[in-house]
Amino acid sequence: MTVVERRAARVLLVDPAGRALLLYGGDPARPGTSWWFTPGGGLEADESPAQGAARELFEEVGLQVDPGLLGEPYWHQTTEFSYGGRQYSQEQDFFLLRVPGWQVDFAGMDDEEKATITAHRWWSADEIEASAESVFPAELPGLLRRMS
């Protein structure tokens with residue numbers, strides 16, 4: 001099987017209580033399988049990671065930020081996964097953005113995001129570790145604790 005290599009940018013959107021905003025959804029090619037994940041996604045050809053992270057944040061949760069406010073990536077990960085019947089190898093940068101809170105607005109989502117993202121929730125490190133649900137990245141509890 002051919003592996004699609006891509007670059008992505010994600011955002012650790014964190015409130016004053018140290019909780020991260022996670023989105024819930026899944027792969028339409030695998031009904032019944034879903035997980036929690038940080039806002040973000042694949043970069044467009046002409047985007048820097050910060051630009052892509054800011055675009056995805058606006059599309060997925062309605063929060064508009066200047067890419068320059070995201071600063072340098074907080075963490076980097078290489079991950080492999082399947083989606084839509086294709087295998088991906090993804091290099092992704094995670095940016096940290098602290099907010100006093102945020103009321104999620106899904107109005108800016110594109111058709112694919114609307115088909116895959118169905119809910120959102122603020123999660124603490126302890127809640128993630130106590131949950132039986134799938135949460136990505138798996139390192140998120142440690143990342144949240146490290147930033148407090």
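None of the figures in this text is laboratory data; all of them are computed from the coordinates on show. For clarity, every value in this text was computed on a predicted model and none was experimentally measured. All Cβ positions, even for glycine, are placed from backbone atoms using ideal geometry, and neighbour counts span all protein chains on display.
Among residues other than residue 76 whose Cβ falls under 10 Å from its Cβ, what is the net charge (Lys/Arg +1, Asp/Glu -1)?
Working: positive: none; negative: 91, 93.
For residues surrounding residue 76, the net value is -2.
Considering the Cα trace of the chain, what is its radius of gyration and what is Dmax, both in angstroms?
Expressed in Å, the Cα Rg and Dmax of the chain come to 14.5, 44.
Say we join alpha carbon atoms closer than 10 Å with springs in a Gaussian network model of the chain; which of 60, 133, 113 then has the biggest fluctuation?
The residue with the greatest mean-square fluctuation here is 133.
With the convex hull built on the Cα atoms of segment 64-148, state its orientation-averaged projected area in nm².
Numbers: hull surface 28.9 nm².
For the Cα atoms of segment 64-148, the hull's average projected area reads 7.2 nm².
Beta carbons within 10 angstrom, averaged per residue: use that to sort the peptides 46-58, 71-83, highest first. Spell out each step's value before the answer.
On the way: 46-58: 20.2, 71-83: 13.2.
Ranked by mean Cβ neighbours within 10 Å, highest first: 46-58, 71-83.
Which shape class, rounded, prolate or oblate, goes with segment 1-83 when its Cα gyration tensor gives a ≥ b ≥ c as root eigenvalues, a/c under 1.5 marks rounded, and past that a/b bigger than b/c marks prolate? Each step should come with its number before you reach the end.
Values: a/c = 1.89, a/b = 1.26, b/c = 1.50.
Note, shape of segment 1-83 comes out oblate.
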